[in-house]
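Asks: Can you keep this structure in mind? I'll have questions shortly.
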Amino acid sequence: MGLTTAQRAAIQNNWATVNANLQEFGDALFMRYLLANPGDIQFFPKFASAGVGAQLRSNEAFQEQTLTVFKFLGQIVGQLNDLDAAGNMLKERVASHKPRGITMAQFERLLDLLPRFLQENAGANGPCADAWRVAIANLMPYMRSEF
């Protein structure tokens, strides 16, 4: 299936907006994720004791985690011209999370939020959000291969 040149460009242009404020976008997406899936805070022992709520946004360990994830997503976006390379990067990341009890379901729930989140918060128009969905659909099999 793959991504068209226009889809790849739309994602990379949208990511430039995100990249200008990785911390804010990362914090906001993770807050949305954890508010929708509060039990998943258990997978983040460095800040689980802070609980899910507004106080989490000022937690240093939470901010470190969200920034790490968004920097990694930026690396994936940078590799979209080679979906195999991007997919293998994700495969390695999933493998490193599996021993902590994180399942494909957690990855899927977070990635399912991403296109709409970017549409609502980072200026992704409809075709760009759709491009994100296509990219995620292309990359999911690499991740699922670890489970």
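The values are calculated or read from the model by the stated rules, or taken from the named source; none is laboratory data. Remember, it's a predicted structure, so these values are computed and weren't measured experimentally. No Cβ is skipped: glycine too gets one built from the backbone with ideal geometry, and neighbour counts run over all protein chains shown. These area figures cover heavy atoms from the full protein model, side chains too; ligands, DNA and RNA do not enter into them. Shrake-Rupley method; radii C 1.70, N 1.55, O 1.52, S 1.80 Å.
Asks: Inside segment 129-147, can you point out the residues that are in contact with a Pro (Cβ under 9 Å, 6 or more places away or on another chain) and open to solvent by 10 Å² or more (accessible area, probe 1.4 Å)?
Replies: D130, W132, R133, I136
Asks: Has segment 15-33 got any residue that is in contact with a Lys or Arg (Cβ under 7 Å, 6 or more places away or on another chain) and surrounded by fewer than 17 Cβ atoms within 10 Å (Cβ to Cβ)?
Replies: No, because not a single residue in segment 15-33 is in contact with a Lys or Arg (Cβ under 7 Å, 6 or more places away or on another chain) and surrounded by fewer than 17 Cβ atoms within 10 Å (Cβ to Cβ).
Asks: Please go through (1) without any contact (Cβ under 8 Å) to a residue 24 or more places away in the chain; (2) farther than 21 Å from V94 by Cα; (3) buried (at least 16 other Cβ atoms within 10 Å of the Cβ) for I41 and return the number of the only condition it doesn't satisfy.
Replies: Among (1) without any contact (Cβ under 8 Å) to a residue 24 or more places away in the chain; (2) farther than 21 Å from V94 by Cα; (3) buried (at least 16 other Cβ atoms within 10 Å of the Cβ), the lone unmet condition for I41 is (2).
Asks: Determine whether S96 is open to solvent by 50 Å² or more (accessible area, probe 1.4 Å), over 11 Å from the mean Cα position of the chain (by Cα) and over 23 Å from N21 (Cβ atoms).
Replies: yes
Asks: Quick one: which of Q79, Q12 is without any contact (Cβ under 8 Å) to a residue 24 or more places away in the chain, polar (S, T, N, Q) and open to solvent by 60 Å² or more (accessible area, probe 1.4 Å)?
Replies: Unique residue meeting the criteria: Q79.
Asks: Has segment 31-43 got any residue that is closer than 24 Å to G126 by Cβ and of a type in the set (S, T, Y)?
Replies: There is at least one residue in segment 31-43 that is closer than 24 Å to G126 by Cβ and of a type in the set (S, T, Y).
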